[in-house]
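First the structure, in the form of structure tokens, and then the observations on it.
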Amino acid sequence: MSTAIKPQPAPPSAIQKARIPHAGRRKVYRGFGLVLLIVIAAVFVLPILWTISTSLRTPAQSFDNPPQWIPLNPVWSNYSAVFQQVPLATFFLNSVFVTGAIVILQLITSTMSGYAFALVRFRGKGAVFAMVLATMMVPAQTTIIPIFILIRYLGLSDNLWSLVIPAVGGAFGTFLMRQYFLQMPSELAEAARVDGASNFQIFARIYAPIALPPMATLAVLNFSAYWNEFFRPLIFLQSTNNFTLPVGLVSLQGNFGTGSVSIVLAGVVIALIPSIAIFLLAQRYFVEGITAGSFR
């Protein structure tokens, strides 16, 4: 009676032997990268968590060492104290108006200029685009005096529009949108021109609707930058009723003299909420938009 001979597994080849340690190294690299990302995230998140935690403590507990990360008896009255000490609602509405107007106007101008530099042919386009990019290397502090004189000449001193008008155009937004439009097929525009469409019609009906990811990215970045802006409002605004949130919250610094740092941080937390909310709402497009134009 014959017995079946079991087939012996083939010995691993040299290539398979080389793949085993390579796969192990890949897992090590991924684990190291994950740990590094967690550490970096903790560096950014822990100060925010400490701010929220301290805003819910009593003045005496604010200086506990080590700090109590989760207050056992949260003091919610710190937030109502902010509204009692400063006209926070007025500051908030001023910031909403200024930031919202800048974001909308920058989206319009940057999207249109980015489309023009990417897909519209005109003489001197390269030189003009180079000059636009050169403005990114000029610090805002060097142009603040000419802008202040111009604003005063226009009669917009101590006016919220003095913050909006100089920020209508942006070199970064133009560059971001141009890089995105360069990836779009030019055949769409050529086919539309054959049908008699103008450049504006091609932009508004074909390219603008598919440019939502970089537009969302630009909106989030501009909102974060101008919502937290302190330098220009401090110079252009004098009346308390016109203050934006960053300048208005300075009025809470008197609490440092009494040790009520919790009230100050409560105001900071209130100012953080819109930025976090906008990012969470737009994060679906943010990663896609921030990488748009990386490769061409």
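Using alpha-carbon pairs under 8 Å, 6+ residues apart, how would you state the relative contact order of region 87-253 in percent?
Values: 152 pairs, mean separation 72.6, N = 167.
Relative contact order here is 43 percent.
Would you mind estimating how fast the chain diffuses translationally, via Stokes-Einstein at 20 °C and 1.002 mPa s with the Kirkwood radius over Cα pairs, in µm²/s?
90 µm²/s
Based on Cα positions only, what radius of gyration and what Dmax would you give for region 87-253, in angstroms?
Radius of gyration, then largest Cα-Cα span, for region 87-253: 18.6, 64 Å.
Ile145 accessible area, nearest 10 Å², 1.4 Å probe?
120 Å²
Mind putting a number on the dipole of the chain about its Cα centre? Charges go on the C-beta only, +1 for Lys and Arg and -1 for Asp and Glu, and I need it in Debye to the nearest 20.
1320 debye
Hey, any idea what % of the chain's accessible area is carbon plus sulfur with a 1.4 Å probe?
69 percent
Please sort through the DSSP H helices of the chain and keep those with an alpha-carbon extent of at least 15 Å along the long axis and a Kyte-Doolittle average not below 0.5.
Both cut-offs are met by 14-55, 88-119, 140-153, 171-182, 212-227, 261-290.
The values are calculated or read from the model by the stated rules, or taken from the named source; none is laboratory data. The model shown is predicted, which means the values in this text are computed figures rather than measured ones. Neighbour counts are summed over all protein chains in view; Cβ atoms, including those assigned to glycine, are modelled from backbone coordinates with ideal geometry. In case anyone asks, the SASA skips ligands and DNA or RNA and just uses the protein heavy atoms, side chains included. Shrake-Rupley method; radii C 1.70, N 1.55, O 1.52, S 1.80 Å.
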